[in-house]
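First comes the structure, then the notes that go with it.
The values are calculated or read from the model by the stated rules, or taken from the named source; none is laboratory data. The structure presented is a predicted model; accordingly, all values stated were derived computationally and were not measured. All Cβ positions, glycine included, derive from the backbone under ideal geometry; neighbour counts span all protein chains shown.
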């Protein structure tokens with residue numbers, strides 16, 4: 001059995017390149033089977049692993065093997081598990097908080113601005129929920145249906161002006177026209193809505209530029225912030241995102257799934 005000083009980190013579905021990058025950071029990591037997550041978690045707890053990093057292909061099924069926090073429950077995924085707390089295996093979806101970290105790092109002035117988030121389902125919109133804590137006063141939620149958009153309201157802080165809409169609602173264009181930051185989490189943006197005053201976060205990877213003059217925010221450091229958040233949850237150690245370029249690059253290679 002491992003001692004706390006050499007407790008390893010479990011890797012679920014990640015490639016040998018991720019293992020090598022973690023070793024470069026001085027972390028002991030061990031690939032574990034991705035199947036039968038409850039059994040694997042039980043084994044990790046018995047062997048006193050410190051936590052686990054879960055690749056995207058397995059994040060939905062591994063949710064059921066952990067005591068998920070609110071972030072993980074909102075999106076129905078878990079990307080990091082901790083085995084060193086009183087709760088046993090606690091899981092989180094750290095990508096959402098990493099997105100907030102990335103926006104804050106750009107120096108974007110969120111306080112007093114208006115935000116619009118577009119997706120298909122409430123879980124898509126939930127990815128951007130942590131942004132609401134940066135000081136936005138008006139938030140538009142646009143999903144495939146109004147009930148889906150309304151479901152995402154529970155993820156947001158109180159005291160905000162929130163406008164849940166269906167993508168088919170004629171008010172969507174008016175809402176987007178008065179928004180300062182537009183976040184696309186899934187699907188497409190309505191054509192012709194972007195103006196030079198808009199800033200856009202594109203999580204779909206489909207927007208390559210804007211003839212309208214809108215600013216497409218760079219997400220070059222998002223993977224590093226994500227890796228930092230994952231490691232903080234899984235190991236209890238905080239790493240400067242600037243240290244994690246190699247790890248982030250390896251993790252973006254997805255892995256062995």
Go through segment 45-63 and count every residue that is under 22 Å from residue 226 (Cβ atoms) and over 17 Å from the mean Cα position of the chain (by Cα). 3
Report the residue count in segment 90-127 for those that are free of Cβ contacts under 8 Å to residues at least 60 places away in the same chain, surrounded by 24 or more Cβ atoms within 10 Å (Cβ to Cβ) and more than 19 Å from residue 241 (Cβ to Cβ). 3
Go through the residues of segment 185-200 one by one and say whether even a single one is closer than 30 Å to residue 67 by Cβ, outside the structural domain of residue 8 (by TED's automatic domain parsing) and either at pLDDT below 90 or touching a helix residue (DSSP H, G or I) at 6+ places or on another chain (Cβ under 7 Å) (or both). yes
Check whether at least one residue in segment 240-255 is surrounded by 16 or more Cβ atoms within 10 Å (Cβ to Cβ), at pLDDT 95 or above and either on the phi > 0 side of the Ramachandran plot or part of a strand (DSSP E or B) (or both), and report yes or no. no
Name the residue that is farthest from the chain's Cα centre (by Cα), counting only residues in segment 186-210 that are surrounded by 14 or more Cβ atoms within 10 Å (Cβ to Cβ) and within 20 Å of residue 135 (Cβ to Cβ). 198
Go through the residues of segment 156-170 one by one and say whether even a single one is under 24 Å from residue 220 (Cα atoms) and in contact with a strand residue (DSSP E or B) (Cβ under 7 Å, 6 or more places away or on another chain). no
Among the residues of segment 128-139, which ones are surrounded by fewer than 18 Cβ atoms within 10 Å (Cβ to Cβ) and outside any loop (DSSP other than H, G, I, E, B)? 133, 134, 138
Matching residues in segment 73-88 (crowded, with 17+ Cβ neighbours inside 10 Å and in contact with a helix residue (DSSP H, G or I) (Cβ under 6 Å, 6 or more places away or on another chain)) number 8
Whichever residue in segment 215-230 is free of Cβ contacts under 8 Å to residues at least 24 places away in the same chain and in contact with a strand residue (DSSP E or B) (Cβ under 9 Å, 6 or more places away or on another chain) and, among such residues, is nearest to residue 44 (Cα to Cα): 216
Taking residue 84 and the conditions (1) over 27 Å from residue 156 (Cα atoms); (2) modelled with pLDDT of 95 or more, which numbered condition does it fall short on, given that it satisfies the others? (2)
Scanning segment 69-81 for residues that are at pLDDT 95 or above and outside any loop (DSSP other than H, G, I, E, B), which turns out farthest from residue 13 (Cα to Cα)? 81
Tally up the residues in segment 145-166 that are in a loop (DSSP other than H, G, I, E, B), closer than 22 Å to residue 76 by Cα and touching a helix residue (DSSP H, G or I) at 6+ places or on another chain (Cβ under 9 Å), please. 2
